[in-house]
Amino acid sequence: MTRRQRSVDVIVVGAGPAGLAAARGLADHGVGVVEVLEREAVAGGVPRHCHHRGFGRWGVTGPQYAARTVEAALGSGARVRTGVTATGWAGPLTLDTTGPHGLERIAARAVVLATGARERPRSARLVPGTRPAGVLTTGELQQAVHLHAQRVGTRAVVVGAEPVGYAALSALRRAGVTVAALTTEEPRHQLGRAWAAAARLGHGVPVLTGATVAELLGRGRVSGVRLRHRDGRLTTVDCDTVVFTGDFVPDHELARRGGVALDPGTRGPAVDGAFRTGADGVFAVGNVLHAVEPALWAAREGALAADAVRGFLDGSGPARGGPAIEVAAPLRWVAPNRAVPQVPVDAFVLRTSQALTRPVLVVTQDGRRLHRQYVPRRALPNRTLHLAGRWTRSVDATGGPVRITVGGPRGGNLGAATE
């Protein structure tokens, strides 16, 4: 089968909050033909099947927010094509696609990757046991409940106590499923006090910390979960549904196929503050960079990326380059991953691998301190930690890597800040 070949000005891959905001920002400023490719049948991204409130500035539900962002992108003049998958690269800025109208090869002056993130399924988590039906991720659960009105079971165990675990709890309750337990291998849950109290008190769901899934039980249909507790005890929770939540990874396959350099920490494309990857003309934005941040944050990045893409197209953007940004344990990763003095960054996103009590973040380059920031709260694994970015203007573009460490209360590294 032959491919239809054509050209546009900008291709945006992914019609979630980040991709749609980027497309809107480009089309609003008259950047020629802006085309958004979405592999799913409906645009809007993950918010489409998140029926809880809290999206956007007005706290609307996910579907309401998704509809508004799609409408805004279309209203700006951007094209949004659904059911179209970018399968690979035919050149530095040319994508091969497949969709309802057959195979295409689309060339562009710039490409924006907004492919988002996904939860790792049970198979990728190396959980022992049989492979019965009734084992889902949160995304699969939400689509089954909210989009397809499917029956998912009667009694469930939710694995993971990040905020998304509470979203799974909400979807299960909507489907009439009793939740037997919410478990996490971490010593503390990461729900926040209000959500944890709501789970325990409002819904009567025990939150089991320090408990690892040792085995899935059942043949044909899951019949229970065997948990190994921190003291070595093994217990079994009967259930016919298991929902694995959190443990997000960037959906970086298209970036990888295009030879775009990935950051070893985030495992998403490595970018500077202007969302430029290592491939000239290829930008990346949203949760493919940092799995995961809220929809409003992703959309904000999409709007900022639109400015950067316009600068690239008209030649007014800042010079490329700048030192890499590294983190030291217990910090796990930071995004963006490269500092360019001419590119202002409002805030960096970080993650820690262990709980930190009111940490102090210290930014240095070649032994010179660029910034010191006190965080007046507890930082938890899998929860967002923001670092102000005004220090980037002090970076030496020709110097060594920028390092971010956790400082002690008197300026030393990693003093009494961890718990």
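Restricting the calculation to Cα atoms, the range 277-419 yields a radius of gyration followed by a Dmax of 15.6, 50 Å.
The relative contact order of the chain comes to 14 percent, based on Cα pairs under 8 Å that sit 6 or more residues apart. Across the range 149-156, computed HN-Hα scalar couplings (Karplus, 6.51 cos²θ - 1.76 cosθ + 1.60, θ = phi - 60°) run 6, 8, 7, 10, x, 10, 8, 10 Hz from first to last residue, x flagging Gly and Pro.
For T178, T115, give me the order by solvent-accessible area with a 1.4 Å probe, most accessible first, ignoring ligands, DNA and RNA.
T178, T115
The phi torsions of the range 240-246, fed into the Karplus equation with coefficients 6.51, -1.76 and 1.60 and a -60° offset, translate into couplings of 10, 8, 10, 10, 8, 10, x Hz, rounded to whole numbers, with Gly and Pro shown as x.
The alpha carbon radius of gyration of the range 1-135, expressed as a multiple of 2.2 N^0.38 Å, is 1.20. In terms of modelled amide H atoms, which long-range or inter-chain residues lie less than 5 Å from the amide H of T352? Amide H to amide H, under 5 Å and 5 or more residues apart or across chains, T352 pairs with R332, N382, R383. In the range 203-340, the C-alpha radius of gyration followed by the widest Cα-Cα span (Dmax) gives 21.0, 64 angstrom. The range 1-68 gives an Rg/Rh value of 1.08, both radii derived from C-alpha positions and Rh following Kirkwood.
In the complete set of protein chains, residue-level accessible area for W333 is approximately 10 Å², probe 1.4 angstrom. Amide H contacts for L370 (H built 1.01 Å from N in the peptide plane; partners 5 or more residues away or on another chain; cut-off under 5 Å): V363, T364, Q365.
Proximity of backbone amide H atoms, modeled 1.01 Å from N, is registered between V327 and I404 at under 5 Å, excluding neighbours fewer than 5 places apart on the same chain.
Within the accessible area of the chain, the carbon and sulfur atoms contribute 49%, probe 1.4 Å, all protein chains present.
Distances between every pair of Cα atoms in the chain, grouped in 10 Å steps from 0 to the bin holding the largest one, split as 5, 21, 28, 26, 16, 4, 0 percent. With the whole protein complex present, S170 retains an accessible surface near 50 Å², based on a 1.4 Å probe. Of A90, A110, A15, the residue with the greatest mean-square motion in the GNM of the chain, using alpha carbon springs below 10 Å, is A90. Between the range 16-70 and the range 87-132, the C-alpha centres lie 18 angstrom from each other.
Averaging Cα coordinates gives a centre for the range 313-379 and one for the range 213-262; these two points are 31 Å apart. Count the DSSP beta bridges whose two residues both fall in the chain, then state the antiparallel fraction as a percent rounded to the nearest 5. Rounded to the nearest five, the antiparallel share is 60 percent. Here the range 1-138 carries DSSP beta bridges of which approximately 45% are antiparallel, counting only pairs with both residues inside.
Per-residue ellipticity at 222 nm computed for the chain from its helices equals -5500 deg cm²/dmol, with DSSP H segments shorter than 4 residues left out and the rest contributing -39,500 (n - 2.57). Among the protein heavy atoms, those of H252 account for about 40 Å² of accessible surface (1.4 Å probe, every chain in place).
Take the range 1-114 with all the other protein chains still there, run a 1.4 Å probe, and you get 44 Å² of accessible area per residue.
Each residue, L103 and R256, gets one label point 7 Å from its Cα in the Cβ direction; the gap between the two is 2.4 nm.
The values are calculated or read from the model by the stated rules, or taken from the named source; none is laboratory data. On a predicted model such as this, the values are computed, not experimentally measured, just so you know. Methodologically, a virtual Cβ is constructed for each residue, glycine included, from the backbone with ideal geometry; neighbour enumeration extends over all protein chains shown. The area values use the complete protein model at the heavy-atom level, side chains included, leaving out ligands, DNA and RNA. Shrake-Rupley method; radii C 1.70, N 1.55, O 1.52, S 1.80 Å.
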